[in-house]
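The values are calculated or read from the model by the stated rules, or taken from the named source; none is laboratory data. Predicted, not measured: the structure shown is a model, and the values here were computed from it. Methodologically, a virtual Cβ is constructed for each residue, glycine included, from the backbone with ideal geometry; neighbour enumeration extends over all protein chains shown. Only protein heavy atoms, including side chains, enter the accessible area calculation; ligands, DNA and RNA are left aside. Shrake-Rupley method; radii C 1.70, N 1.55, O 1.52, S 1.80 Å.
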Amino acid sequence: MRREDLADADCGIAQALGVLGDWWTFLIVRDVAGGTTRFDALQRELGVSRRALTERLAALVEHGVLERRPYSAHPPRHDYLLTAKGAGLLPVLIALQDWGTRHLMGDGELTATADDASAEARRAHALVGRRLPEVVLPGADGRPVTVTTPDVWSVLYLFPGAYAPGTQGYPPGWAEIPGARGCTLESTTYADRHPAFEAAGVRVRGISTQRPDQLAEFAAYAGLPFPLLSDQDGRLAAGLLLPVFSAGGVTRFKRLTMLIDPTSVVRAVQFPVTDPAGSVDEMLALARDHATIPG
């Protein structure tokens, strides 16, 4: 079957494959989501020929997945950025990552954690030295919040899910998923240590894939003095290829914490996190050490 025929088939999957016709195209979308938006940088990261990359970028622009935004007039140069249509592909990338990690690189078992020597752990710790893409996420009140702020050190702790008592949230079998429990303890420990983080000049934010209203209920119940952000659309997860798992039909973060410097560069990563409360004191020590280093 020709690709044109496949794209015209009366099936959403077939039509999508008519646009995302090969694996290079998925990797382009993946890297653009991660902040690699310029032609030369994309070619360097992907190792693809200039001709092949030119063809695929042109196709993605034609189909409205990417848009070109000029950053230089002489010579003409462009950033390639995700459109709203392109951002709609992020959950697809996350699902592919989860499936590949669980069923191809793993043993197929559902888990919210990972081994120290796993590919997920290597990928997580490879974030050190990387600049975070510009991501704006809804806070618990639904208002957009930037993940990082210039000139401020930040701790971002990512957690699977935490819910106020009496509200619907935890899926069946949650307690039996290795690594899933402990989110409330982790969050309340960060709340207890919040004055110490503030004294060190470090801002704390928690991030989950839960809905903003669920985060608002939990934050009120736990009395959290810092904001919780929702990555329900997968912008941060896809942009950084963060470790995830699926439970109750929802993609969720595996527990991971990052220390971010004032230029939005990752300086330390905790993963896997097997001691939710103890990891907070470890991060506080890391934050104090790093925040005293000029620049």
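No other residue among THR25, THR54 is of a type in the set (Val, Ile, Thr) and open to solvent by less than 60 Å² (accessible area, probe 1.4 Å) apart from THR25. Just one of the listed residues (GLY234, GLY248) is at positive phi and either aromatic (Phe, Trp, Tyr) or more than 15 Å from the chain's Cα centre (by Cα) (or both), and it is GLY248. Just checking, does the stretch 191-198 include any residue being in a loop (DSSP other than H, G, I, E, B) and either in contact with a helix residue (DSSP H, G or I) (Cβ under 6 Å, 6 or more places away or on another chain) or open to solvent by 20 Å² or more (accessible area, probe 1.4 Å) (or both)? No: the stretch 191-198 contains no residue that is in a loop (DSSP other than H, G, I, E, B) and either in contact with a helix residue (DSSP H, G or I) (Cβ under 6 Å, 6 or more places away or on another chain) or open to solvent by 20 Å² or more (accessible area, probe 1.4 Å) (or both).
For SER264, state whether it is buried (at least 19 other Cβ atoms within 10 Å of the Cβ), of a type in the set (Ser, Thr, Tyr), closer than 23 Å to GLU134 by Cβ and more than 12 Å from the chain's Cα centre (by Cα). Taking the combined requirement at face value, the residue satisfies it. In this structure, is LEU60 hydrophobic (A, V, I, L, M, F, W, C), within 21 Å of VAL135 (Cβ to Cβ) and open to solvent by less than 50 Å² (accessible area, probe 1.4 Å)? Here the answer is yes, as LEU60 does meet what is asked.
For the stretch 117-135, a residue qualifies if it is surrounded by 13 or more Cβ atoms within 10 Å (Cβ to Cβ) and in contact with a Ser or Thr (Cβ under 8 Å, 6 or more places away or on another chain), and the qualifying residues are ALA119, GLU120, ARG131, LEU132, VAL135. Taking each residue of the stretch 204-220 that is over 20 Å from LEU240 (Cα atoms) and at pLDDT 95 or above and looking for partners that are surrounded by fewer than 24 Cβ atoms within 10 Å (Cβ to Cβ) and among the basic types (Lys, Arg) with beta-carbon atoms closer than 9 Å, six or more apart or interchain, yields PRO212/ARG143.
Of all residues in the stretch 66-91, those that are over 28 Å from VAL250 (Cβ atoms) and among the aromatic types (Phe, Trp, Tyr) have Cβ atoms under 7 Å from Cβ atoms of residues that are part of a strand (DSSP E or B) and open to solvent by less than 70 Å² (accessible area, probe 1.4 Å), 6 or more apart or on another chain, in TYR71/HIS78; TYR71/ASP79; TYR80/LEU66. Being open to solvent by 80 Å² or more (accessible area, probe 1.4 Å), in contact with a helix residue (DSSP H, G or I) (Cβ under 9 Å, 6 or more places away or on another chain), closer than 26 Å to GLY249 by Cβ and part of a helix (DSSP H, G or I) is true of GLN15. Taking the conditions exactly as written (crowded, with 17+ Cβ neighbours inside 10 Å and among the small types (Gly, Ala, Ser)), does ALA114 satisfy them or not? For ALA114, the condition - crowded, with 17+ Cβ neighbours inside 10 Å and among the small types (Gly, Ala, Ser) - is met.
In the condition set (1) polar (S, T, N, Q); (2) closer than 24 Å to ASP22 by Cα; (3) touching a Ser or Thr at 6+ places or on another chain (Cβ under 9 Å), THR54 is compliant with all but (3).
Quick one: is ALA95 assigned to a helix (DSSP H, G or I) and not β-branched (Val, Ile, Thr)?
The answer is yes for ALA95.
A quick yes/no check of all residues on (1) modelled with pLDDT under 95; (2) surrounded by fewer than 22 Cβ atoms within 10 Å (Cβ to Cβ); (3) touching an Asp or Glu at 6+ places or on another chain (Cβ under 9 Å):
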position: THR149; (1), (2), (3): yes, yes, no
position: LEU156; (1), (2), (3): no, yes, no
position: PRO160; (1), (2), (3): no, no, no
position: GLY173; (1), (2), (3): yes, yes, no
position: ALA180; (1), (2), (3): no, no, no
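Cβ-Cβ contacts under 6 Å between residues 6 or more apart (or on different chains), taken from a first residue in the stretch 227-250 that is within 18 Å of GLN214 (Cβ to Cβ) and open to solvent by 50 Å² or more (accessible area, probe 1.4 Å) to a second residue that is in a strand (DSSP E or B) and at pLDDT 90 or above, are listed as PRO227/GLY139; PRO227/ARG205.
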